[in-house]
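Derivation of every value follows stated rules applied to the coordinates shown; laboratory data play no part. It should be emphasised that the depicted structure is a prediction, and the values quoted were computed from it without experimental measurement. Virtual Cβ from ideal backbone geometry, glycine too; neighbours counted across all protein chains shown.
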Amino acid sequence: MIEADELTKTYGRHRAVDRLTFRVLPGRVTGFLGPNGAGKSTTIRLILGLDSPTHGRVRINGRPYRALTQPLRQVGALLDAHATHGGRRARDHLLWLAQTNDIPRGRVAEVLRRTGLTEEGHRRVGGFSLGMKQRLGIAAALLGDPQVLIFDEPVNGLDPDGVHWIRGLIRSLAAEGRTVLISSHLMSEMQLTADHVLILARGRLLSDSGMADLVRSDGGDVLVRTACDTPLATLLTARGATVAPEPAHGLAVTGLDPAEIAATAATHGIALVELTPRPPSLEEVFRRITDPELRYRAEPRPQDAR
Ligand SMILES: Nc1ncnc2c1ncn2[C@@H]1O[C@H](COP(=O)(O)OP(=O)(O)OP(=O)(O)O)[C@@H](O)[C@H]1O
């Protein structure tokens, strides 16, 4: 588990991370989302002891990172897939990490297998594609078989096969009961991968919610199809709904729920061919939550002005 309490980091007068309090729980994938400059990377650095908080604290399995004995056995992180020595062979890179962290050599073959790199282990990292480097970074994170995993932008620059593979791996790590924190800008991907979401903007936590609750909370529309859409469109508009034609055929209806739409159609003898509630995408929800914060960006916050 990762526990942050009032976690704060200021650089000069700028508060990059602002009193964050959250828990990242085991057995589920937690997405860490925010616009550029929101404070995600700073928070991750604070979690991993790469930087010190100005105020507050963050613990991994009950301890600050720097107090962990054998940290690679407790937390694995992918921060920058390029942060490897290009001249080294992939297997040697992992062997070196294992030896310097008191991890059995046998783990190297295991993590190469798990990340699909068994055949590539003898190759020098300098010749790896971005996707292979991401896999190697994940192999290094898994080396100590840690309970907590933190991946910063793990799908950046990957092709669809690579994205599909990482999604499966991340889900399987959570299913094994591990604590998994993933930062990403790719909302559609996060919607498929994360069970829980933390949304940051300007260093502040704006949402800490289950994915299902978040996308159910508001927005979305109902897709309605009938043999001839125009009469129903007129009736629904008269009842106060907003109705827009769908590109091919059908109506996108907001302002009435499916039961109200069905009742209107039934009262007027109109047979429905389709009635599908469509929740908003995570991207729409994300914009709704973060837009007010970003619009406010033009004005200094009181704490910045001090
Ligand atoms: N070492 C530093 N010195 C000064 N300011 C910093 C430092 N590191 C981060 N910042 C500032 O803190 C804020 C948060 O940056 P951070 O990199 O954590 O955001 P992020 O959410 O990871 O952004 P991105 O999605 O663009 O990577 C930004 O305004 C950034 O300029």
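For the chain, the direction-averaged projected area of the alpha-carbon convex hull comes to 19.9 nm². Over the stretch 15-71, the hull volume per residue, using the convex hull of the C-alpha atoms, is 98 Å³.
Consider a paramagnetic label point 7 Å from the Cα of LEU275 along Cα→Cβ; state which residues of the stretch 225-256 have an amide N under 11 Å from it. Counting only backbone N, you get 225.
Projecting the Cα atoms of GLY137, GLY126, GLY116 onto the charge dipole of the stretch 77-151 (Cβ charges, centred on the Cα centre) puts GLY126 farthest toward the positive pole. Per-residue ellipticity at 222 nm from helix content only, as computed over the chain with -39500 (n - 2.57) for each DSSP H run of at least four residues, stands at -10500 deg cm²/dmol. Net charge dipole, the chain: roughly 1420 debye, given to the nearest 20, about the Cα centre with Cβ charges of +1 for Lys and Arg and -1 for Asp and Glu. Using +1 at the C-beta of Lys and Arg and -1 at the C-beta of Asp and Glu, which of LEU205, LEU79, GLY220 has the Cα lying farthest in the positive direction of the dipole of the chain? Projecting each Cα onto the dipole axis, the largest value belongs to LEU79. Placing +1 on the Cβ of every Lys and Arg and -1 on the Cβ of every Asp and Glu, with no other charges, gives the stretch 221-278 a dipole of roughly 60 debye about its Cα centre. Summary value for the stretch 2-216: 31 percent relative contact order, contacts being C-alpha pairs under 8 angstrom separated by 6+ residues.
Once the chain from THR234 to ASN101 is taken as fully extended at 0.36 nm per residue, the excess over their C-alpha distance is 40.9 nm. What the pair-distance distribution of the stretch 195-288 shows, using all Cα-Cα distances binned every 10 Å from zero, is 16, 41, 22, 16, 5, 0 percent. Close amide H contacts of LEU206 (hydrogens built in the peptide plane, cut-off under 5 Å, sequence separation of 5 or more or a different chain): ILE199, LEU200, ALA201.
Please give the FRET efficiency for ASN156 paired with THR10, using the beta carbon to beta carbon distance and R0 = 35 Å, rounded to the nearest 0.05. Using R0 = 35 Å, I get an efficiency of 0.80. Within the chain, DSSP assigns beta bridges of which about 65% are antiparallel (rounded to the nearest 5).
Packing order of peptides 193-202, 19-28, highest average first: 193-202, 19-28 (average count of other Cβ atoms within 10 Å over each peptide's residues).
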